[in-house]
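The values are calculated or read from the model by the stated rules, or taken from the named source; none is laboratory data. Here the structure is a predicted model, which means the values were calculated and not measured. Every residue, glycine as well, gets a Cβ built from its backbone with ideal geometry; the counts of neighbours run over all protein chains shown. Only protein heavy atoms, including side chains, enter the accessible area calculation; ligands, DNA and RNA are left aside. Shrake-Rupley method; radii C 1.70, N 1.55, O 1.52, S 1.80 Å.
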Amino acid sequence: MASPRTSAFAVALAGGLLVLSTTTPWMAVEAGVGLFRGGLSATTRGLEDPLGLYTLLAGLAAAALGVAGLLTRRRWLTALAALPGAGATALVVSYVAGRSDVGLDLGYITVGSVLRPGWYGALGCALAVVLFAVLAISRRSRAGATASDRAASPSPH
């Protein structure tokens with residue numbers, strides 16, 4: 001079993017990576033002529049949208065809770081990071097859901113929107129924050145596990 005510090009460190013790391021992923025491109029609109037798709041591209045970074053800014057704030061909150069859990073060794077502080085992690089997950093998903101798919105095909109001229117790796121990174125980091133925060137609270141000590149096993153087993157009488 002991992003210590004509370006391991007989960008707290010993982011939450012802090014995932015929260016920090018979530019903050020970094022908001023500075024990367026999340027979506028692009030690409031235009032091409034004939035066989036040359038992707039000839040022109042305009043990218044949008046996460047921070048250029050209000051949802052990306054809120055995702056950055058959620059990542060900062062998750063990282064702060066992870067660091068607080070790391071310094072105090074209190075699992076409930078680390079577990080609280082699941083709230084901004086879940087919020088960030090909803091924000092990242094709603095970023096794509098709120099976009100109308102730009103798709104235009106006029107024979108040789110095509111225009112389309114494409115998700116960039118930064119969006120996938122933000123989604124992965126947000127889900128990682130939730131996962132590690134839940135794992136932080138769900139772990140039990142060996143002494144507690146032994147006492148629980150003794151209480152659940154039938155009496156040898």
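The figures follow:
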quantity: Accessible area, probe 1.4 Å, largest first, for residues VAL19, VAL11; calculated: VAL19, VAL11
quantity: By average C-beta atoms within 10 angstrom, highest first, the peptides 86-95, 110-119; calculated: 86-95, 110-119
